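Engineer: Dropping a structure here in C-alpha cells format, bear with me for questions.
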Amino acid sequence: MTRRVAVIGECMLELKGQAFGPMTQGYGGDTFNTAVYLKRCGDAAGVQVAYATALGDDGLSTGLLERWRDQGIDTRLVRRIPGRMPGLYLIEVDPAGERSFHYWRDTAAAKAYFDEAVSPLEHHAEDFDALYLSGITLAVLPPAGRERLFALMERLRARGAQVVFDNNFRPRLWPDRAAARDTFERAFSLATIALVTADDHQALTGLDSLEAAIAQAQSLPTPEVLIKRGASPTLVHSAQAPRHWAEAPTEEVARVVDTTAAGDAFAGGYLARRLAGADAVSAAVFGNRVAARVIQHPGAIIPIEVMGDLV
Ligand code: ADP
C-alpha cells in the first residue's frame, strides 16, 4: 500500500575539513536525514517521501536538488526562490580529529518557505498520509511561517493523517528557552506522534534531572510518544495501550563511531514500520536497529550498501 509522507525542514550545504585547508562538500540537516532513512527503510512497503523546503535559483541549489532525487526523494514540494541561497555549515576538524561546527543560516532560503500565498506543501497537503517536522524546522521558520505550519498540522490531523514531531532542540536557534518551550508545547499538542530525545527534553524544560524530564515527557498530550534514551531502552506509549509504557530494547553496539543522525535514523526506521502497519513497540525495535547501524559508520547518511538487511 502506498503511503505518502511529507517531511519539512532545512537541508544545508556542508563543508568539512581543516580551516583554510582542503574541504570536502556535502549536505545535511536533521529532517533531511530522516527523509533519507524513511525512504530507504520504507521503500519496499510502498512509502514515498517528499521533502518540503526552499532553495535558491543558483547552481548549488540545483546540485542539491539533483542529489536529493538520486536518493529517491520526491522534490515537488521544494520552492526555488530567486536571489536566495541554501544555508551552509562548516565542520572544522582540528589536527586531533576534534570537530567544531559553524553555521551560516540566518538568511537561508528555507526560512522563506511560507513567504508566498500558498506554498507547495499547502497546495498538495491532501496528497499526504503523514507530515514530519522537527524542533529545528520550527526554529528556522519566522513566527508567521510557524503559524502556517501549525495550521497544516491541525488540518492533517483533523482528517486522520499522522503528524509527527521530533523534539530536536538547538538552543542557539531560539531567542530564549521560554520561546522554544511555548512553541514546542503547541507542536506536542498538535502532533499525533512525538519522538522525544530525553536529553533535548531536559534542555528544553530546564529540569534538574533526566528522570524528571522523562517523567514530564510521559505526561505530554500527544497520543503516541516515544522517549529515546541513548543506549537505554526506548519508552513507548501509544493509543493502542492507553496509560501503559512499554520498553523497546536498543541494540548493543561494541564501538560507537559517530552518533550524528542517530535520532534521525530512529525516526526514519520507526515511521517506515509504523506507516506499514506495525505496532509502536515493534516499530521502535526496528528504529533502534537502524540507529545502531548508523552510529557504527561516520557521517549522517551512511552508504545504503551497509544497510542491506534493513531496507
Ligand atoms: P538523538 O540522536 O536524537 O540525540 P539518542 O542519543 O537518544 O538520540 O539516540 C537515538 C537512538 O540511537 C537511540 O534510541 C538508540 O536506538 C540509538 N543509540 C544511541 N546511542 C546508542 C548506543 N550507545 N548504543 C546503541 N544504540 C544507541
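Engineer: Going through the stretch 204-218 one residue at a time, which ones are polar (S, T, N, Q) and either at pLDDT below 95 or not in a loop (DSSP other than H, G, I, E, B) (or both)? Step through it out loud before you land on a result.
Structural biologist: Step one: filter the stretch 204-218 for residues polar (S, T, N, Q), giving 205, 209, 216, 218.
Those that are polar (S, T, N, Q) and either at pLDDT below 95 or not in a loop (DSSP other than H, G, I, E, B) (or both): THR205, GLN216.
Engineer: Moving on. Restricting the stretch 65-90 to residues that are open to solvent by less than 90 Å² (accessible area, probe 1.4 Å) and in contact with a His (Cβ under 8 Å, 6 or more places away or on another chain), which is farthest from PRO298 (Cα to Cα)?
Structural biologist: Per the criteria, the residue is LEU77.
Engineer: Which condition does SER238 not pass, out of (1) more than 15 Å from the ligand (Cβ to nearest atom); (2) under 18 Å from PHE169 (Cα atoms), if it passes all the others?
Structural biologist: (2)
Engineer: Among ALA265, ALA191, which is the only one that is near the ligand (Cβ under 9 Å from one of its atoms), among the aliphatic types (A, V, I, L, M) and either closer than 22 Å to LEU141 by Cβ or out of contact with any Ser or Thr (no Cβ under 7 Å at 6 or more places or on another chain) (or both)?
Structural biologist: Values: ALA191 fails: near the ligand (Cβ under 9 Å from one of its atoms).
The match here is ALA265.
Engineer: Restricting to the stretch 257-311, count the residues that are at pLDDT 95 or above, polar (S, T, N, Q) and buried (at least 19 other Cβ atoms within 10 Å of the Cβ).
Structural biologist: Within the stretch 257-311, residues that are at pLDDT 95 or above, polar (S, T, N, Q) and buried (at least 19 other Cβ atoms within 10 Å of the Cβ) number 1.
Engineer: If you check every pair at least six apart or on different chains, which have Cβ atoms under 7 Å apart with a residue in the stretch 287-303 that is closer than 18 Å to THR234 by Cβ and small (Gly, Ala, Ser) first and a residue that is within 13 Å of the ligand (Cβ to nearest atom) and in a loop (DSSP other than H, G, I, E, B) second?
Structural biologist: Short answer, once both residue conditions are applied: ALA292/THR250; ALA292/GLU251; ALA292/VAL253.
Engineer: Does PHE184 satisfy being modelled with pLDDT of 95 or more, part of a helix (DSSP H, G or I) and either surrounded by fewer than 20 Cβ atoms within 10 Å (Cβ to Cβ) or of a type in the set (Asp, Glu) (or both)?
Structural biologist: Numbers: modelled with pLDDT of 95 or more: yes; part of a helix (DSSP H, G or I): yes; either surrounded by fewer than 20 Cβ atoms within 10 Å (Cβ to Cβ) or of a type in the set (Asp, Glu) (or both): no.
No; evaluated as a whole, the condition is false for this residue.
Engineer: What's the total number of residues in the stretch 224-241 that are at pLDDT 95 or above and not in a strand (DSSP E or B)?
Structural biologist: Count: 2.
Engineer: Just to check your reading of the model, which residue among PHE128, PHE114 is within 14 Å of ARG146 (Cα to Cα), open to solvent by less than 30 Å² (accessible area, probe 1.4 Å) and either aliphatic (A, V, I, L, M) or modelled with pLDDT of 95 or more (or both)?
Structural biologist: Details: PHE128 fails: within 14 Å of ARG146 (Cα to Cα).
PHE114 is the lone residue from the list that is within 14 Å of ARG146 (Cα to Cα), open to solvent by less than 30 Å² (accessible area, probe 1.4 Å) and either aliphatic (A, V, I, L, M) or modelled with pLDDT of 95 or more (or both).
Engineer: Then there's this: Across the stretch 18-33, which residue is most open to solvent (accessible area, probe 1.4 Å) among those that are outside any loop (DSSP other than H, G, I, E, B) and farther than 13 Å from TRP68 by Cβ?
Structural biologist: Pass one, the stretch 18-33, residues outside any loop (DSSP other than H, G, I, E, B): 23-28, 30-33.
Keeping just the survivors that are farther than 13 Å from TRP68 by Cβ gives 23-25, 30.
Numbers: MET23: 64, THR24: 87, GLN25: 145, ASP30: 19 Å².
Step by step, filter the stretch 18-33, then rank; the result is GLN25.
Engineer: If you don't mind, another one. Within the stretch 149-175, work out how many residues are open to solvent by less than 70 Å² (accessible area, probe 1.4 Å), within 15 Å of the chain's Cα centre (by Cα) and without any contact (Cβ under 8 Å) to a residue 60 or more places away in the chain.
Structural biologist: 4
The values are calculated or read from the model by the stated rules, or taken from the named source; none is laboratory data. Quick caveat: nothing in here was measured; it's all calculated off a predicted structure. In this analysis, Cβ positions are derived from the backbone assuming ideal geometry, glycine residues included, and neighbour counts consider all displayed protein chains. All accessible areas refer to the heavy atoms of the entire protein, side chains included, with ligands and DNA or RNA removed. Shrake-Rupley method; radii C 1.70, N 1.55, O 1.52, S 1.80 Å.
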